[in-house]
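Comments concern the structure below.
Any read-out appearing in this document is the output of simple, stated calculations on the displayed coordinates, not a laboratory observation. Note that the structure is a prediction, hence the values are computed from the model and not measured. FYI the Cβ positions are ideal-geometry reconstructions off the backbone, even for glycines, and counts take in every protein chain you see.
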Amino acid sequence: MIRDGKLVALPTETVYGLGADAKNPAAVAGIFESKRRPHFDPLIVHVENVDHARQQVSDFPEIAQRLVSAFWPGPLTLVLPKNDEIPDLVTAGLSTVGVRVPNHALIQEVIRLSGKAIAAPSANPFGHVSPTTADHVFSGLKGRIDAILDGGPCGVGLESTIISCVAEPVVLRVGGLPIEDVERVIGPVRRARADESKEDAAQPAPGMLSRHYAPARRLILAEPGELVSVDSSRAGLLTYGDHASTGSFCQIRNLGPEDDLRTCASGFFAAMRDLDATDLDVIIAHRFPPRGLGIALNDRLERAASGRVSPD
Ligand code: TXA
Ligand code: MG
């Protein structure tokens, strides 16, 4: 199906992607159409291995080599100068392309058997919560895509960490690979400011649209232990560790122990969907400790809190 230019949702270790042949502009256009994704938002290209990644780019600096030796296959996307074979639609006209080797046997096999580099954004309608199961994909995109390959729930549960290696390394999106791990390999890295422009376009920095990962319900961020008064008896709580007992809530989702943020991350988007599917007026969400995966979890919570999209 990938060879035929079809749209196939594929499991990765981070979230499900909506895949198509990256070198087929009509197929890539279909991705934007089915997600209702604006054309200024570039796609990540998924490849089989480092050699395959090199075939998509015009430069692979030494620092990129060190990163991929340490973290591929895995939840790390590198932004590098693209070569001429990548259609402009994939990169939203940028001179760079995001590439990653995903760590999931099924998408790896699809890449290998099709012989294609696969462009794939998260398999959800634009701006909505990313899918971590085949059911999530189905509920968001049914009737709009050709197939879903069910690989069970995603293990990491947060989108990849994106690092630009075009000049000095810059973190464009915090994600499933903790920054501390990155810094252990290449030393201190800068995080792009929210208002920072892309290197060659007057657009918001990628992955940084503030209204993103958004549930339909109102979401309010709170410190664990903080008593939040809400003017509703239909409030839900998204929490972790031992903070669950603060306040009165008609729905509580506890993501896992405070010292196990991996478990918290893997269930995070599913819990957000669960709470969103109930008849709550408001969701209170506890901030995570600002280290490791907690940084990416807080980032997703802040985006979810900053805007609402209406349910489909
Ligand atoms: O874990 C992931 O990264 C998942 C799985 C499916 O691989 N994909 C994903 O894709 O989260 P998406 O499209 O939801 O987010 C990709 C982000 C976008 O915000 C986009 O702006 C950024 O990557 N991006 C892609 N290419 C880029 C480029 N050339 N320069 C800067 N940012 C880029
Ligand atoms: Mg996305």
Exercise. If Lys and Arg each add +1 and Asp and Glu each add -1, what is the summed charge of the other residues whose beta carbon sits under 14 Å from the beta carbon of Leu7?
Worked result: +4
Exercise. If we count every other residue with Cβ under 12 angstrom of Ser34's Cβ, Lys/Arg +1 and Asp/Glu -1, where does the sum land?
Worked result: +4
Problem set entry | Net charge of neighbours whose Cβ lies under 13 Å from the Cβ of Asp181, counting Lys and Arg as +1 and Asp and Glu as -1 | +2
Exercise. Nearest 0.05, what FRET efficiency do Arg193 and Ala29 give at R0 = 30 Å with Cβ-Cβ as r?
Worked result: 0.45
Problem set entry | Gained length - Asp150 relative to Met1, 0.36 nm times residue gap less alpha-carbon distance | 52.1 nm
Problem set entry | Between 0 and 90°, nearest 10: helix 62-71 axis offset from the chain longest Cα axis | 50 degrees
For this session: Divide by every residue of the chain the summed helix terms, -39500 (n - 2.57) for each DSSP H run of at least 4, and state the resulting mean residue ellipticity at 222 nm, rounded to the nearest 500 deg cm²/dmol.
Result: -7500 deg cm²/dmol
Exercise. Hey, what's the Kirkwood Rh for region 1-82 if you take every pair of different alpha carbons, in angstrom?
Worked result: 14.0 Å
Exercise. Between Asp281 and Glu258, what is the FRET efficiency for a Förster distance of 22 Å, r being their Cβ-Cβ separation, to the nearest 0.05?
Worked result: 0.20
Problem set entry | Fraction of beta bridges assigned by DSSP in the chain that are antiparallel (%, nearest 5) | 45 percent
For this session: Putting +1 on Lys and Arg Cβ atoms and -1 on Asp and Glu Cβ atoms, find which of Gly19, Ser114, Val47 reaches farthest to the positive end of the dipole of region 17-168.
Result: Gly19
Problem set entry | Charged-residue dipole, Cβ positions (Lys, Arg, Asp, Glu), the chain about Cα centre, Debye nearest 20 | 420 debye
For this session: Please work out how much length the chain gains when fully extended from Ser95 to Val185, using 0.36 nm per residue of separation minus the C-alpha to C-alpha distance, in nm with one decimal.
Result: 29.7 nm
For this session: Using packing as a proxy for protection, rank 126-138, 16-28, 267-279, 175-187 so that the peptide with the highest average count of other Cβ atoms within 10 Å comes first.
Result: 16-28, 126-138, 267-279, 175-187
